[in-house]
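Novice: Pasting a structure below so you can have a look.
The values are calculated or read from the model by the stated rules, or taken from the named source; none is laboratory data. Here the structure is a predicted model, which is why all the values come from computation and not from measurement. Here the Cβ is made from the backbone with ideal geometry for all residues, glycine too, and neighbour counts use every protein chain on show. Only protein heavy atoms, including side chains, enter the accessible area calculation; ligands, DNA and RNA are left aside. Shrake-Rupley method; radii C 1.70, N 1.55, O 1.52, S 1.80 Å.
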Amino acid sequence: MDHTVTRRGVVALAAVGLAGCLSSDDSDGHEDDDSDDTDVDGGGDSRPPEPPERDIEPDWNTAQEYRTWLLSDTAMEGNRRFDYTEVFPEDTDLGAGFPDAFGISTETVDAHLIQSFTQVFFGDFDPDSVHEEVAADDDLEQVDEYAGYVVVEEPFDGDVRTVAVGEDAIVVGGDYERRIDAHRGEYERLEEADPEFTHLFRQLPHEETVTAHYGSPMGDSVDVDGIYLWGVSSESPTADELTWVFVFAREEDLTEETLSGLEEISSSVTESSMEGRTATVVGAPPEA
């Protein structure tokens, strides 16, 4: 997946509701689904060797909330890719494809996260009103109440999808239980499983729009071996300048020649640098 898709994809996917991907066949509860470990979240799961142990821990008191919702054992394994944004273009219809009962709109949603086909909408919601709406709508069925979240099933694209509505978040996906548990600190988070992501977050300069995953960026723009994980951040999904950060498994794989190869991800590089196992490239998005 090239970066043009990466920086705009989160808004587009939210608007269309991930057609066909949020069905009842997704992993439910805390069981893993290892049936497809290829390109379902973009890029497969072929990682370089494990890097040296990094002595670093996240400060959950200051970390952005969305980081508490990220999992290592996602419903669909892939490369644990996630896309997060707090900025939505004016023509984005966040509520498209969702019943009015959930109250998803640009007026109620402050930010959006997607990882392994599970969406989390952050904002101000009213789970109590969902009870009334479900009773009046034959297409909606309340199937659970979990940790203060009203859990509803609804027909979607010929299947059924699960939506858990809380006061400050709506989770769309069959793995809502472990997402909620992770947010509450009762289930292992992505950064607790792999501190390399904590390091990555500390290198990315923007908080408004962030994408990251294991392995290399997809497409032909970067042909570099040894990338353990990478991320990109910007002030909005359509920003003119972005910052890419690449973390390598081995320091010896990151050379001046390697850095030159990484610069190919940008159509116009402003600056680039490397330190230890980490490289940073700042510049314009790639040409379409």
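Novice: Taking the alpha-carbon set of the range 54-190, what are its Rg and Dmax in Å?
Specialist: Rg and Dmax of the range 54-190, Cα atoms, are 15.1, 53 Å.
Novice: Length gain on complete extension for the stretch Asp138 to Glu65, per 0.36 nm per residue less the alpha carbon to alpha carbon distance?
Specialist: Taking Asp138 through Glu65 to full extension adds about 22.9 nm, to one decimal.
Novice: At a Förster distance of 45 Å, what's the computed FRET efficiency of Asp128 paired with His206, Cβ-Cβ distance as r, to 0.05?
Specialist: 0.80
Novice: Looking at the range 155-255, which GluC sites (Glu not before Pro) are in a loop (DSSP not H, G, I, E or B) and have at most 11 other Cβ atoms within 10 Å?
Specialist: Passing sites in the range 155-255 are Glu186.
Novice: Just to verify a number: what accessible area does Leu204 come out at with the full protein assembly present, 1.4 Å probe, Å² rounded to tens?
Specialist: 20 Å²
Novice: Only four residue types carry charge here, +1 at the Cβ of Lys and Arg and -1 at the Cβ of Asp and Glu. Report the dipole size of the range 194-287 about the Cα centre in Debye, rounded to the nearest 20.
Specialist: Dipole of the range 194-287, to the nearest 20 debye: 300 debye.
Novice: Now a separate question. When the chain is fully extended, how far beyond the present Cα-Cα distance does Thr270 get from Glu167, taking 0.36 nm per residue of separation?
Specialist: Additional length available on full extension: 32.9 nm.
Novice: For Cα pairs less than 8 Å apart in space and 6+ apart in sequence, what is the mean separation divided by the residue count of the range 54-190, i.e. the relative contact order in percent?
Specialist: For the range 54-190, the relative contact order is 24 percent.
Novice: Test of the criteria: in the range 130-195, which trypsin sites (Lys or Arg not before Pro) are in a DSSP loop and have at most 15 other Cβ atoms within 10 angstrom of their Cβ?
Specialist: Arg184
Novice: So how much accessible area does Tyr66 have, in Å² to the nearest 10, using a 1.4 Å probe?
Specialist: Estimated to the nearest 10 Å², Tyr66 gives 0 Å².
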